[in-house]
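Novice: Below are the structure tokens for one structure; questions will follow.
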Amino acid sequence: MAQPLVITIDGPAGAGKSTVAQKLATRLGLMYVDSGATYRAAALKVLECGIDPHDEPAVAKLISATDVQVTTGGGEPRVLLDGNDVTARLRTPEVTFAAAQVSRLREVRAKLIEMQRAFARDRGVVMEGRDIGTVVFPQAQLKIFLKADVEERARRRLKQDSRDGREATLEKTAYEIGRRDQLDAERKISPLMPASDAVEIDSTDLLADQVVEQILALARNRQLMLNG
């Protein structure tokens, strides 16, 4: 039996991973999974329970009894935390920062990586994040690493924040992205880096659809196409 098709898309904040991954999944008839949403959901649970995100034993114990699911019901990806839809609560600055802390904890990462791998056991997926091609699915059939200039990434994030009703400035957004980049690159466990066999794409001057077309061309060349 052929293995389900797994395409990984890694890269820093604002590189366009989510938009590209969702469009690609739709074109290929695959499930879309934002791995970062699982960490954000875990971070939300930690904050709600009043636990210090740096307290590894306490956080690991909490997450071991936590269920995180991703669904595409209604066409839009939704994140369920212990059965409750928390999608709209995962993008606040507090959750974002806590997620960066929680993601540095070894036991927590092991638990969430197990969850992420489960999404692809019986179906093909396009999963985006920061260590999908290096750690979660090192044997994925196609690995992409998206990058873009910091200034462009900040503009994209600011635009998203304004659509979501959050106020921010370009300077503050660039600072937050730079801070997250540093945390991701310096963490001892699964630091942000391209997989050795990943195809790097600079999206600074590209539209999301242009990036998708490049990835589709790669998939065709490798005979990985399913439904698109």
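The values are calculated or read from the model by the stated rules, or taken from the named source; none is laboratory data. From a predicted model like this one, the values you see are computed outputs, not experimental measurements. With ideal geometry, Cβ positions are generated from the backbone for all residues, glycine too; neighbour counts draw on all protein chains shown.
Novice: Among the helices (runs of 4 or more DSSP H) lying completely within segment 139-224, list those that include at least 2 residues that are over 28 Å from HIS54 (Cα atoms) and in contact with a strand residue (DSSP E or B) (Cβ under 8 Å, 6 or more places away or on another chain).
Specialist: It comes to 208-221.
Novice: Another question, if that's okay. Could you say which residue among ASP10, ASP52 is out of contact with any strand residue (DSSP E or B) (no Cβ under 7 Å at 6 or more places or on another chain) and of a type in the set (Asp, Glu)?
Specialist: ASP52
Novice: Then there's this: Restricting attention to segment 163-201, and to residues there that are surrounded by 14 or more Cβ atoms within 10 Å (Cβ to Cβ) and among the acidic types (Asp, Glu), which single residue is farthest from the chain's Cα centre (by Cα)?
Specialist: Of everything passing the filter in segment 163-201, GLU176 is farthest from the chain's Cα centre (by Cα).
Novice: Report, ordered by the first and then the second residue, all pairs with beta carbons closer than 7 Å, sequence separation of six or more or different chains, a first member in segment 195-206 that is in the same structural domain as VAL150 (by TED's automatic domain parsing) and under 16 Å from ARG130 (Cα atoms), and a second member that is of a type in the set (A, V, I, L, M) and surrounded by fewer than 17 Cβ atoms within 10 Å (Cβ to Cβ).
Specialist: VAL199/LEU218
Novice: Name every residue in segment 197-214 that is among the small types (Gly, Ala, Ser) and either under 17 Å from GLY14 (Cβ atoms) or at pLDDT below 95 (or both), in order of residue number.
Specialist: Within segment 197-214, SER203, ALA208 meet the criteria.
Novice: Also, I was wondering about something else. Among the residues of segment 39-90, how many are touching a helix residue (DSSP H, G or I) at 6+ places or on another chain (Cβ under 7 Å), assigned to a helix (DSSP H, G or I) and surrounded by 12 or more Cβ atoms within 10 Å (Cβ to Cβ)?
Specialist: Selection size over segment 39-90: 14.
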